[in-house]
1. Among the residues of region 169-183, are any within 27 Å of residue 249 (Cβ to Cβ), under 23 Å from the mean Cα position of the chain (by Cα) and surrounded by fewer than 20 Cβ atoms within 10 Å (Cβ to Cβ)?
2. Quick one: in region 123-168, of everything that is of a type in the set (Ser, Thr, Tyr) and more than 15 Å from residue 103 (Cα to Cα), which residue is modelled with the highest pLDDT?
3. Residue 207 - would you say it is at pLDDT below 95, part of a strand (DSSP E or B) and among the hydroxyl-bearing types (Ser, Thr, Tyr)?
4. Residues of region 40-54 being acidic (Asp, Glu) and under 17 Å from the mean Cα position of the chain (by Cα), which ones?
Amino acid sequence: MTLPTDPTSHPAPARVGFLGPIGTFTEQALLQEPDLAQAEHVPYSLMTDVLFAVADGEVDLGVVPVENAIEGTVNATVDTMAFDVDVLIQRELLEPVSFDLLVRPGAPLESIRTIISIPVASAQCRTWLRANLPDVEFVAANSTAEAARLVADRDDPSVAAIANARAGEVYGLMSAARDIEDHPENQTRFVVVAADGIPARTGHDKTSIVVFQQADRPGSLLAILQEFAARSINLTLLLSRPTKTSLGDYCFLLDLDGHVADPVVADCLRTLRATQGGVKFLGSYPAAGTDATGTRARVDEAFTEAEIWIESLRRRIG
């Protein structure tokens, strides 16, 4: 069994797209990867713009958030990958989330009347804001870094931003309060996507797919889940999303442990493709975090043994 790949072994891409401007959590995540850090960084105003840029060949890779430990799935990203573009996930990244209240140098906390940030960031700091700034007005921005930049551009000590500490350094702001998030253990999961290519199996992999149901078929979700249960394949994400075709028509986004090169995973995908309304493959890629290679190896061995048994029976036919 091969070990997970070393990120430093990736050839440096020429251009990497990310949610800008400089100072976002997305940029912070990509800077942790040696090959991505060496590339030319191309900021985009929207997460979905990054995905279209990858699909259209404007950039070699894109980095986008797909899930937050507190707020859940980033629907704009996963919907675009499911319905609008054809890209493949190359790897996933985990980035801790910590927020500061950023102000212009010298501005006292008691002077703050307006906070600029993305609604998700403000929502993740509810407890601190309720205790310290209960009457502030909130203004939405496209990203936390854009919020910091807007505060830096204003000569107004009553305006602050919720963003990470790096954004404060980039735009010359000071932290009036640090680590104001409600949940210090919060993380965001990002994926690196390309227009094509499936990374080789590492032994600690994840596969992402979209499964479309047969129309008006009772028990279709149960039928899908039974395919994974029968093969002892662990699902790490199960999400239903409207297909945007008609009211009540849903598909399922699934993340599962394993790689399309694993015989048992390949067999499961083959069956789903044959029995369901359709399957869109989003990628098999190295998984972040602690692995479960022992469990996966045992399942693979059992599947291989069963395959040998079936072949031995077939040879006796006739």
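1. Step one: of region 169-183, the residues within 27 Å of residue 249 (Cβ to Cβ) are none.
So far as region 169-183 goes, no, none of its residues is within 27 Å of residue 249 (Cβ to Cβ), under 23 Å from the mean Cα position of the chain (by Cα) and surrounded by fewer than 20 Cβ atoms within 10 Å (Cβ to Cβ).
2. To start, the set of residues in region 123-168 that are of a type in the set (Ser, Thr, Tyr) comprises 127, 143-144, 158.
Among the residues that remain, those that are also more than 15 Å from residue 103 (Cα to Cα) are: 127, 143.
On the way: 127: 94, 143: 91.
Result: 127.
3. Working: at pLDDT below 95: no; part of a strand (DSSP E or B): yes; among the hydroxyl-bearing types (Ser, Thr, Tyr): yes.
So residue 207 does not fit the description; no.
4. Here is the first cut: in region 40-54, the residues acidic (Asp, Glu) are 40, 49.
Correct list: 49 only.
The values are calculated or read from the model by the stated rules, or taken from the named source; none is laboratory data. What you see is a predicted model; the values in this text were computed from it and never measured. Neighbour counts are summed over all protein chains in view; Cβ atoms, including those assigned to glycine, are modelled from backbone coordinates with ideal geometry.
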